[in-house]
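Everything on this sheet refers to the single structure shown next.
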Amino acid sequence: MWVLIPFVSTIMNFKEEYKKRFNAPMFSDLTTRELIIYRTGLKNGVSLGRRSVIPKTIIIKPRNKPIGPVINEDKRVNQILDNVSKYFKVSAAEVIGKCRKRYLVRPRSMVINLMRECTSLSYPDMAHILNKDHTTLIYHTEIKRLNKGVWLDNNLNNIFGTLKKEVCNETQ
C-alpha cells in the first residue's frame, strides 16, 4: 500500500522517508523527481493491471501433453461449443467466461457434460480449456448423473441427447 508523502517536506526528508518506509537503500541514489516518477508509475501500473481486458475471441489454450488416442479433440471441443451456443443463443465466449448469470447455467452444464461424454479429455484438461476449476466440472457431471439441479427438467435431457448425437456422430 502506497502512502502519499506531502511535497512540503524537504528533499532529504523525502528520501529518508522512502528509505525508512520501504527499507530499500536503492532509493537513496535517486533524485526527488525520479522518486516521484517511480511512485506514480508503479501506482498507475498496478491500477491498470487490475482492470483486465476481456478477450472477444475464444482461444483454446494448447496442452503440453498428448491427450490419448483420439486425434481431433480440439475440433470436437469447438464443435460442442458451437452447437451448444447456437442452440441456446449465447456466445461461446459467454459460456467459457466468468459471468455467473442464470441464463448461462444450462449451456455451461451442457458443454461440460458433452465434453465429458464425447471426448477422452480428463477433468484437468477440460478445466484448462474452459478456464474453470476441475471440481466445478465434477459437480456439473454429478448433478447430471443424479438428475439434480437444472437436470431435473426432462426437456434438458432430450436436448442433451440430440446434441450428443450431432457431436459424436459428425466427427467419427
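Looking at the stretch 72-137, which trypsin sites (Lys or Arg not before Pro) are DSSP coil and have at most 10 other C-beta atoms within 10 Å of their C-beta?
Working: sites: Lys75, Arg76, Lys86, Lys89, Lys98, Arg100, Lys101, Arg102, Arg108, Arg116, Lys132; in loops: Lys89, Lys98, Arg100, Lys101, Lys132.
Of the trypsin sites (Lys or Arg not before Pro), the ones in loops of the stretch 72-137 whose Cβ has at most 10 other Cβ atoms within 10 Å are Lys89, Lys98, Arg100, Lys101.
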Note to self: Rounded to the nearest 20 debye, what is the charge dipole size of the stretch 73-170 about its Cα centre when +1 sits on each Lys and Arg Cβ and -1 on each Asp and Glu Cβ?
What the structure shows: 420 debye
Notebook entry, point to check: Can you give the convex hull volume of the alpha carbon atoms of the stretch 101-156 per residue, in Å³?
Noted result: 80 Å³
Next item on the list: State, as an integer percentage, the relative contact order of the stretch 80-140 based on alpha-carbon contacts under 8 Å between residues 6 or more apart.
Entry: 29 percent
Item checked: Karplus 3J(HN,Hα) series, Hz, for the stretch 89-97 with 6.51 cos²θ - 1.76 cosθ + 1.60 (x for Gly, Pro) -> 6, 10, 7, 5, 5, 5, 5, 7, x
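Mean 1/r over all different Cα pairs, inverted: what Kirkwood radius does the stretch 73-170 give, in Å?
Taking every pair of different Cα atoms in the stretch 73-170, averaging 1/r and inverting gives 13.3 Å.
Read-outs: derived from the displayed coordinates by stated rules, not from any lab. Because the structure is predicted, anything quoted here is derived from the model rather than measured. Using ideal geometry, Cβ is built from the backbone for each residue, glycine included, and neighbour counts are taken over all protein chains shown.
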